[in-house]
Amino acid sequence: MLRVKRDGPVATIVLDNPGMRNAITADMWRRFPFLLTELAADDDVLVLVVRGASGNFSAGADIADLARILHDPATGRRDGGDVTAAEEALATFPKPTVAAIEGYCVGGGWQIAGACDIRLASGTAVVGITPANLGIVYPLSGIRRLVGLVGPAAAKYLLFSAELLTADDASRLGLLTSVEPVETFETAVSALAGRLASRSQFSARAHKDLIDAIADGATDVAERSAYWQHEMEVGPDAEIGVGAFLAKAEPAFTWRRPVEE
């Protein structure tokens with residue numbers, strides 16, 4: 001199942017299938033977009049953490065469900081289906097997202113982690129992108145995101161070899177944002193989520209939108225920037241932040257989301 005835990009402004013989606021190292025079943029893939037829609041609309045949630053239960057992130061898609069999971073009824077092809085729908089829902093989630101990775105993070109599990117904004121890993125993490133072990137083609141959405149993160153040469157190596165990487169090797173290739181010692185991992189996840197929640201959510205939302213638009217090669221980046229500049233002028237956070245800085249105080253930001261959402 002997918003479980004949701006809440007701790008103040010931080011919500012955590014837990015991949016909970018520990019008997020299979022949190023392999024993601026068809027029902028779990030299909031549940032992701034609905035959960036993300038609910039959490040995006042909840043103004044009390046400022047940051048989302050995604051992690052696995054019992055010491056592993058996820059060993060990937062449940063192989064027994066693979067044909068169903070990858071099938072796209074709109075095209076009739078096996079080019080992503082529920083996997084891509086879940087991945088894209090997470091990638092477009094409007095608030096900051098953190099993948100807290102420990103143990104196995106493989107295949108479809110990596111697609112979930114790769115769709116998060118930040119990937120914080122424990123020294124126990126083992127990362128692999130393994131369609132070559134199964135003779136299948138990785139979903140195009142996952143390939144695009146992988147190339148964007150590590151570049152074409154490293155993406156080819158990872159997809160051709162299906163090698164399982166240590167946390168340090170995965171970090172060197174650009175798959176992980178940072179690696180924490182096992183003994184401080186939980187503290188680091190909590191501290192990062194809390195720090196993100198304390199910052200201006202307006203600033204985070206604007207920068208996430210603009211960075212993703214630039215990375216996707218969008219043609220309306222200038223228009224998006226103008227929109228966010230206008231929101232900055234009429235919204236509360238810039239005045240709050242500058243005032244707190246000048247007063248040498250901690251800012252208490254109040255912006256939550258655009259009215260049109």
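Computed from the coordinates by the stated procedures, all read-outs in this text should not be read as laboratory data. Just so we're clear, the structure is a prediction, and the values are computed from it rather than from any experiment. In this analysis, Cβ positions are derived from the backbone assuming ideal geometry, glycine residues included, and neighbour counts consider all displayed protein chains.
Worth a mention:
- Each of F253, F202, F34 has some number of other Cβ atoms within 10 Å of its Cβ, and from fewest to most they run F34, F253, F202.
- Two-site FRET efficiency, E183 against A244, from Cβ-Cβ distance with R₀ of 41 Å, rounded to 0.05: 0.75
- Taking a ≥ b ≥ c as the square roots of the eigenvalues of the alpha carbon gyration tensor, the stretch 1-52 is oblate, as a/c is not under 1.5 and a/b does not beat b/c.
- Calculated FRET value between T219 and T254, using beta carbons and R₀ = 45 Å, to 0.05: 0.85
- Relative exposure of I101, I211, I118, judged by other C-beta atoms within 10 Å (fewest first): I211, I118, I101
- Rounded to 5, percent antiparallel among DSSP beta bridges of the chain: 30
- Charge dipole (debye, nearest 20) of the chain; +1 at Cβ of Lys and Arg, -1 at Cβ of Asp and Glu: 460
- Count of lysine pairs in the chain with Cα separation under 30 Å (8 or more residues apart, or interchain): 6
- Taking other C-beta atoms within 10 angstrom as a stand-in for reagent exposure, M1, M232, M28 fall in the order M1, M232, M28, fewest first.
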